[in-house]
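Beneath this line is the structure, given in C-alpha cells, with notes to follow.
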Amino acid sequence: MSNIQQFQYDNKIVRAFGLASFIFAVVGMLVGIILAFQMIYPSLNLGPWLTFGRLRPLHTNAVIFAFVGNGIFMGVYYSLQRLLKARMWSDTLSWIHFWGWQFIILCAAVTLPLGLTTSGEYSELIWPLDIAITLIWVVFGINMFGTILTRRESHLYVAIWFYIATWVTVAVLHIVRSLELPVTFTESYPVFSGVTEALVQWWYGHNAVAFFLTTPYLGMMYYFLPKAANRPVYSYKLSIIHFWALIFIYIWAGPHHLLYSTLPDWVQSLGTVFSIMLIAPSWGGMLNGLLTLRGAWDRVANDPVLKFMVVAVIAYGMATFEGPMLSIKSVNAISHFTDWTIAHVHVGALGWNGFLTFGALYWLWPRMYRTELYSKQLANIHFWLGTLGILFYAVPMYWAGWTQALMWKEFTPEGTLAWGNFLDTLTQIVPMYMIRAIGGTLFFVGVIIGVYNLFKTAAQGSFMANEAAEAPARPKPVVHEGEHWHRWIEGRPMQMLLWSTILIAIGGIVQIMPMVFVDSQIPKISTVKPYTPLELTGRDIYIREGCVGCHSQLIRPFRDETERYGEYSKSGEYIYDRPFLWGSKRTGPDLHRVGGKYPDSWHYNHMMDPTSMSPGSLMPAYPHMMEDPLNLSGLPGKITALRKLGTPYPKDFEKYAVDNAKEQAQKIARNLADQGIKDPNVADREIVAIIAYLQRLGTDIKVQPK
C-alpha cells in the first residue's frame, strides 16, 4: 500500500467551463430566435449591425464554439482527470485556456456584427483571432498531453482516444483553412481561390462538424453515459472499430457539400463514397451507446439525465444516417440550397450536442456541489420543452425544404417554369418559418429553465473545488499473452497521436493536393479578368453584409436552374475569387448571372427598400449604403496583396487603383442620374461599389441568349 499516491482533481476549471457553456447557450440561442423572427418580419433587422447577414455567423459561432466548445472542455477536463487518475498537468495552462477561449468568443461577438468577417462557413473570424485560436489550442494540447504522460492509469480509455483525435485533427484543419495573407489588421485574403478554396473550406467545414461537434462528444458519451447508467460500455471491440473507422473515413466526406458544382467529378465521387461508408462506424457508435443501457431502460423514464443522453444518442444516429443520404447525388439535387439542410444541422446541434451537454451538466453539477439536483421536475420540463422544440423546429424545415425543391423544379406542360418568380417559392414557406420560430422559442425556454435549475442546485450545495483522490503509481505497460492487440497502442499515447495524424491526413492530401498543383483540374477561361478596384470594394461590402448567407453564386447544370438563372457555372470563372462565395442556402435567388440583368437604378432601389422592386420580399433594407462614404483608402494594399497571391494586376496598378475606382463610380452615378436617381453625392457612397460588383457577376463569359 506504500505505492498509493494521494492527489486532488481540479473541479474549479470544470465549473468555469460549465458556467460559460450554459451562459453562452442562452446567448447563442437567443440570437437564433432573433434570426428566426427576422426571416418572418424583415423590420426586425435593426441598423447595419443587427441585420440577418451579420447576426447569422454570430449565432453559429456562439452555438458551436461558445456553447458547445465550452461544453467540450467541461467534459474533457472532468473526465480526463478521472480516467487518468491525475490532476490536470498545469492549473496555469488550464486557466490560460479558459480565459483565452472566452476572450476569443467575446472578440467574435464584437467583430462579426461589425462586419469583420472572412465569410467562410464556421471560419468567419479575422486573421488575428485565427492566430489566437491556434495559440489557445496549443495550450489546451500541451495541458492535455502533459496530463496523459504523467497519468497514474496506464490504460487509455476509449474516450481519451477521441479526445486525442479531436485535438490533432482540429489543429490540422484550422491551420490549413487559415492560410491567408493579411492586408490590414482586420482584413486578409485566403491563399487558395475559387474552386480550390471551396474544396478546402468544406474539407474544413464538414470536418469541423466531425471533429469538433462529434468526436469529442463521442468521447463524452463513452464516459458520461456509462456513469449515468451505472453500466459498462456495451462492446470494447465495437468501440475500437468505431474509433479508427470513423476518423479515417470522416476526413474524406467534405466534397459532398459541393455536388453538382464545378469541383472535378472525381473529388465529388470520393466525397459521396466515403460519406455513405460513414453510416457503418457512426451507427456502430450509436448502437454501442444505446446498448450500454441494457438492463437500465427502466431507469430512463425516471432519470432526466438518461432521458437527455438517450435522445442525444438517437439524434446522433438520425443525423449520421441523414448526412450520408444527403451525399447521394439524386438526393442532394433536391436538398442542396434548401431548408432541408437547416433541419439536418439543427437535429445534430440541438439534439446531439445540446442534449448531451445538458445531460452531462445535470449529472456532474450535483456531484461537484455535493448535493442532489435541485428539481427533477424542472429537469423533466426542460427535457420535454427541448424535445418539442426540436420537433417544431425540424419538421417544418424539412417540409419547407421539400416545398422549395419541388417548386423550383416544377415546369408547366408548355415547358416553362411554373414558378418563374423566385419570391413565390419563398412566400409559400413563411408559415413553416413561423412554426420554426415557435420551436426555437420552446427550446430556448427549456434552456432558461435548465440554467435556473443548475443555479439553484449550486446554491443549495457546497462546491468541492479540489476533490481528494488516490491511486497507485502507473506501472509500465505490459501486453500479456492472449490480450487484444489494441492494448499495445492504448498504453502509448504518442503512438496513438501519430497514427491518428496519419489517418486523418491521407484524405486531405489525396483530395486537395491535385487541386493545388495540377493545373488541368481547373480549366482556364481567357475572357475571365480580375475585378476592377471598385468591384473589389463592392465585393468586400457584399462579404461584410453577409449576403452569402442567403444568396448562392453557383448555377448547377439542372434544367430548372439554367432556365431560371442562365448558363451553368464554370470552374474557370472563379479563379480570382478570394474568398469563394458559392453559399449554402437560397433564401434569395442565385446571383451568379445577375450582372446586366437589371439597370443600376434597380439595384439602388432594391438596397434602399427591397419591397419596392420585389413586393413581399423578406430581405433587409440597406439604407446605410446610400449614406456611408465610399472608403477607397485600402485599395492599394488589397491590389498588392492579390498580386502576391497570383492575381494578374498590371505592374504599379495599385498606384492608380483609387483613381480607377473613382472613374467607375462616376460612370455609375451618371447611369443612376439618367435613370431617375437624383442623389448628387451617390458617387462617393458605398452603394456604387455594390452596384459595380453585382453588375459584374457572370459577365466574363458570353453565352448566346435563348
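The values are calculated or read from the model by the stated rules, or taken from the named source; none is laboratory data. Note that the structure is a prediction, hence the values are computed from the model and not measured. Here the Cβ is made from the backbone with ideal geometry for all residues, glycine too, and neighbour counts use every protein chain on show.
Against the condition surrounded by fewer than 20 Cβ atoms within 10 Å (Cβ to Cβ), β-branched (V, I, T) and over 22 Å from F192 (Cα atoms), how does T532 come out, does it pass? When the stated conditions are applied, T532 does not pass them. When the helices (runs of 4 or more DSSP H) confined to segment 597-706 are screened for residues that are over 22 Å from C547 (Cβ atoms), free of Cβ contacts under 8 Å to residues at least 40 places away in the same chain and not hydrophobic (A, V, I, L, M, F, W, C), those reaching at least 2 such residues are found at 635-644, 657-674.
There is at least one residue in segment 562-577 that is under 26 Å from A400 (Cβ atoms), touching a strand residue (DSSP E or B) at 6+ places or on another chain (Cβ under 9 Å) and not β-branched (V, I, T). Annotation: D91 fulfils all but one of (1) farther than 16 Å from E121 by Cβ; (2) in contact with an Asp or Glu (Cβ under 9 Å, 6 or more places away or on another chain); (3) buried (at least 19 other Cβ atoms within 10 Å of the Cβ); the unmet one is (3). When the criteria are applied in full, K476 fails the requirement of being basic (K, R) and under 25 Å from N332 (Cβ atoms). Is segment 8-19 home to any residue that is at pLDDT below 95 and surrounded by 15 or more Cβ atoms within 10 Å (Cβ to Cβ)? The answer is no, given that none of the residues of segment 8-19 is at pLDDT below 95 and surrounded by 15 or more Cβ atoms within 10 Å (Cβ to Cβ).
Among residues of segment 146-180 being out of contact with any Asp or Glu (no Cβ under 9 Å at 6 or more places or on another chain) and among the basic types (K, R), the one that is surrounded by the most Cβ atoms within 10 Å (Cβ to Cβ) is R151.
Rundown of residues vs (1) more than 30 Å from Q553 (Cα to Cα); (2) modelled with pLDDT of 95 or more; (3) small (G, A, S); (4) in the same structural domain as M29 (by TED's automatic domain parsing), yes/no style:
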{"site": "M309", "(1), (2), (3), (4)": "yes, yes, no, no"}
{"site": "V313", "(1), (2), (3), (4)": "yes, yes, no, no"}
{"site": "G323", "(1), (2), (3), (4)": "no, no, yes, no"}
{"site": "N332", "(1), (2), (3), (4)": "no, yes, no, no"}
{"site": "S335", "(1), (2), (3), (4)": "no, yes, yes, no"}
{"site": "H346", "(1), (2), (3), (4)": "no, yes, no, no"}
{"site": "W352", "(1), (2), (3), (4)": "yes, yes, no, no"}
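G284 satisfies every condition listed in (1) assigned by TED's automatic domain parsing to the domain that holds V273; (2) under 24 Å from N70 (Cβ atoms) except (2). Among the criteria (1) out of contact with any helix residue (DSSP H, G or I) (no Cβ under 7 Å at 6 or more places or on another chain); (2) farther than 30 Å from Q81 by Cα, the one F192 does not fulfil is (1).
Scanning segment 568-585 for residues that are in contact with a Leu (Cβ under 9 Å, 6 or more places away or on another chain) and of a type in the set (D, E, K, R) yields one hit, R578. Mind checking which residues of segment 386-399 are more than 13 Å from W340 (Cβ to Cβ) and surrounded by fewer than 20 Cβ atoms within 10 Å (Cβ to Cβ)? Scanning segment 386-399 gives L388, L391, F392.
Among the numbered conditions (1) buried (at least 22 other Cβ atoms within 10 Å of the Cβ); (2) within 14 Å of I690 (Cα to Cα), the only one that L618 does not meet is (2). Going by the conditions given, is T441 modelled with pLDDT of 95 or more and either outside any helix (DSSP H, G or I) or surrounded by 14 or more Cβ atoms within 10 Å (Cβ to Cβ) (or both)? For T441, the condition - modelled with pLDDT of 95 or more and either outside any helix (DSSP H, G or I) or surrounded by 14 or more Cβ atoms within 10 Å (Cβ to Cβ) (or both) - is met. For segment 40-81, the tally of residues that are over 24 Å from F162 (Cα atoms) and out of contact with any Ser or Thr (no Cβ under 9 Å at 6 or more places or on another chain) stands at 15. Out of the helices (runs of 4 or more DSSP H) lying entirely within segment 459-572, which hold 3 or more residues that are closer than 30 Å to D339 by Cα and not acidic (D, E)? Correct list: 493-517, 533-544, 559-565. Does D600 satisfy being crowded, with 18+ Cβ neighbours inside 10 Å, within 14 Å of F422 (Cα to Cα) and modelled with pLDDT of 95 or more? Answer is no for this residue. Say whether the condition of being out of contact with any Gly (no Cβ under 6 Å at 6 or more places or on another chain), within 17 Å of S123 (Cα to Cα) and at pLDDT below 95 is met by at least one residue in segment 212-224. Within segment 212-224, one or more residues are out of contact with any Gly (no Cβ under 6 Å at 6 or more places or on another chain), within 17 Å of S123 (Cα to Cα) and at pLDDT below 95. Inside segment 651-663, residues that are modelled with pLDDT under 95 and exposed (fewer than 15 other Cβ atoms within 10 Å of the Cβ) make up a count of 3. Residue count for segment 322-360 under the criterion of being over 18 Å from K585 (Cα atoms) and in contact with a Phe, Trp or Tyr (Cβ under 7 Å, 6 or more places away or on another chain): the result is 8. Within segment 575-587, not a single residue is surrounded by 15 or more Cβ atoms within 10 Å (Cβ to Cβ), outside any loop (DSSP other than H, G, I, E, B), touching a Phe, Trp or Tyr at 6+ places or on another chain (Cβ under 9 Å) and β-branched (V, I, T). Note on segment 33-62: residues that are over 12 Å from A109 (Cα atoms) and not aromatic (F, W, Y) total 16.
If I filter segment 429-440 for residues that are basic (K, R) and within 28 Å of V310 (Cβ to Cβ), do I get at least one hit? Yes. Checked against (1) in contact with a helix residue (DSSP H, G or I) (Cβ under 6 Å, 6 or more places away or on another chain); (2) not in a helix (DSSP H, G or I), G317 passes all but condition (2).
Close contacts from segment 85-98, counting a first residue that is within 12 Å of I142 (Cα to Cα) and touching a residue at least 12 places away in the same chain (Cβ under 8 Å) and a second that is assigned to a helix (DSSP H, G or I) and among the hydroxyl-bearing types (S, T, Y), with Cβ to Cβ under 6 Å and a gap of 6+ residues or different chains, come to M88/S94; M88/T147; W89/T147.
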